[in-house]
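S.K.: Once you've had a glance at the structure underneath, I'll fire off some questions.
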Amino acid sequence: MPFLPDGLRIYAVGDVHGRADLMERLFRLIDDDLAKRPVVRPVCVFLGDYIDRGPKSRDVIDSLIRRSRERELVFLRGNHEAVAMKCLSDEGVFENWMRRLGGVETLVSYGIEPKKVLSESGVAELQSAFRDSLPDAHHRFLKGLQSTFSCGNVFFAHAGVKPGVALSDQTERDLLWIRDEFLSSTVNFEKLVVHGHTPVQRIDVRSNRINIDTGAFATGHLTCLVVDRDALTVLATG
């Protein structure tokens with residue numbers, strides 16, 4: 001059974017997490033691949049988690065917005081984007097975002113000094129500084145992210161899907177956060193599921209799913225799964 005229709009190729013990119021340097025390197029690898037193997041319709045699907053942990057979250061979003069003017073790109077929402085957007089209006093989740101999810105690095109990338117603001121004014125002022133520093137184009141980008149993308153016999157989601165639930169009935173929470181129940185499942189998910197969210201040392205190919213989150217922010221390895229009609233190949237920065 002073919003993965004995709006004729007004339008279509010998908011480049012699926014795993015969790016970037018603020019590593020704008022790796023993303024730019026991967027763009028060059030994708031462009032080189034397209035120059036060597038032209039295709040009628042190349043589509044690049046990003047699986048979410050563009051921000052946090054790594055040092056250049058703002059630069060990542062800037063680059064993605066620029067790239068989307070030149071290529072057909074699909075942007076999925078990761079759990080980190082969902083939390084960051086919630087932080088704009090919910091003060092209660094702000095500290096958890098900073099301390100456990102790498103939000104401090106994101107704030108610094110937008111020119112904010114979290115420790116200084118916290119010591120002088122507290123969380124409410126830090127939240128206000130984040131709202132003020134987020135460009136309108138970035139706010140639109142984060143607000144407009146998709147939960148899933150499906151094409152041919154391949155289904156893309158940030159974290160995965162809940163076994164036993166139709167792909168069309170998946171909840172936002174499972175699509176963004178699920179781990180063990182999905183990762184340990186051997187059931188067929190209607191389509192091959194390509195996901196990130198759970199870092200692995202190398203791309204993990206199973207009969208029902210493929211994990212392409214290779215922990216770029218810590219490892220320097222940002223991975224792209226190339227899906228053609230009848231073949232799967234990999235591009236990576238390391």
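S.K.: Using only the alpha-carbon atoms, how far is helix 20-36 inclined from the longest principal axis of the chain? Give it as 0 to 90 degrees, nearest 10.
M.R.: Helix 20-36 and the main axis of the chain meet at about 20 degrees.
S.K.: For residue 200, project a label point 7 Å along Cα to C-beta. Then give me every residue of the stretch 25-40 with its amide nitrogen under 11 Å of that point.
M.R.: Answer for this model: none.
S.K.: Hey, another quick one. Using all alpha carbons of the chain, what is the percent of pairwise distances in each 10 Å bin, ordered from the shortest bin to the longest?
M.R.: Each 10 Å bin holds this share of Cα pairs: 8, 33, 35, 18, 5, 1, 0.
S.K.: For the chain, the longest stretch holding no trypsin sites (Lys or Arg not before Pro) located in a DSSP loop with at most 15 other Cβ atoms within 10 Å is which? Don't jump to the answer; show the numbers that get you there.
M.R.: On the way: sites that count: 69, 71, 179, 202, 206, 229.
Between the exposed loop sites, the longest stretch runs 72-178.
S.K.: Write down, largest first, the equivalent ellipsoid semi-axes of the stretch 11-114 in whole Å, where each equals the square root of 5 times an eigenvalue of the alpha-carbon gyration tensor. Please list the in-between numbers first.
M.R.: On the way: eigenvalues 172, 35, 21 Å².
Taking √(5λ) for each Cα gyration eigenvalue gives 29, 13, 10 Å.
S.K.: Lys and Arg at +1, Asp and Glu at -1: add these up for the other residues within a Cβ distance under 14 Å of residue 208 and post the number. The partial results should precede the final answer.
M.R.: Values: positive: 162, 191, 206, 209; negative: 181, 190, 204.
Result for the local shell: +1.
S.K.: Give, in nm to one decimal, the length gained when the segment between residue 207 and residue 187 is fully stretched (0.36 nm per residue of separation minus the Cα-Cα distance).
M.R.: Numbers: separation 20, 0.36 × 20 = 7.20 nm, distance 0.91 nm.
Roughly 6.3 nm would be gained on extension.
S.K.: Name the most mobile residue of 183, 26, 118, meaning the one with the largest mean-square fluctuation, in a Gaussian network model of the chain with Cα contacts below 10 Å.
M.R.: Among 183, 26, 118, the largest GNM mean-square fluctuation belongs to 118.
S.K.: Given the options 109, 233, 188, identify the residue whose Cα lies farthest towards the positive end of the charge dipole of the stretch 8-236 (+1 on Cβ of Lys, Arg; -1 on Cβ of Asp, Glu).
M.R.: Checked the options; the winner is 233.
S.K.: Quick check: residue separation of residue 137 and residue 71 times 0.36 nm, minus the Cα distance between them. What number comes out in nm?
M.R.: On the way: separation 66, 0.36 × 66 = 23.76 nm, distance 1.77 nm.
Answer, rounded to one decimal: 22.0 nm.
S.K.: So for 104, 83, 40, what's the accessible-area order with a 1.4 Å probe, most first? Write down the numbers at each step before the final one.
M.R.: Details: 104 55, 83 25, 40 130 Å².
The ranking, largest first, comes out as 40, 104, 83.
S.K.: What aspartates and glutamates sit close enough to residue 162 to cross-link, taking a C-alpha to C-alpha distance under 19 Å and skipping anything fewer than 8 places away on the same chain?
M.R.: 172, 174, 180, 181, 190, 204, 213
S.K.: Given the alpha-carbon gyration tensor of the stretch 112-202, what are the semi-axes of its equivalent ellipsoid in whole angstrom, ordered largest first, with each equal to the square root of 5 times an eigenvalue? Please list the in-between numbers first.
M.R.: Values: eigenvalues 260, 52, 26 Å².
Equivalent-ellipsoid dimensions as semi-axes: 36, 16, 11 Å.
S.K.: Next question. Which value, in debye to the nearest 20, gives the size of the charge dipole of the stretch 8-236 about its Cα centre, when Lys and Arg are +1 and Asp and Glu are -1 at the Cβ? All intermediate terms of the calculation are to be shown ahead of the outcome.
M.R.: Values: 31 positive and 32 negative charges, 107 e Å.
Dipole of the stretch 8-236, to the nearest 20 debye: 520 debye.
S.K.: Using a Förster distance of 22 Å, how high is the FRET efficiency between residue 231 and residue 169, based on the Cβ-Cβ distance and rounded to 0.05? Intermediate results must be reported in sequence, preceding the final value.
M.R.: Working: r = 30 Å, r/R0 = 1.38.
Step by step, r from the Cβ atoms, then E = 0.10.
The values are calculated or read from the model by the stated rules, or taken from the named source; none is laboratory data. Only a predicted model underlies this, so the values are computations on that prediction, with no experimental measurement involved. No Cβ is skipped: glycine too gets one built from the backbone with ideal geometry, and neighbour counts run over all protein chains shown. Just so you know, the surface numbers come from the protein's heavy atoms only, side chains and all, with ligands and any DNA or RNA stripped out. Shrake-Rupley method; radii C 1.70, N 1.55, O 1.52, S 1.80 Å.
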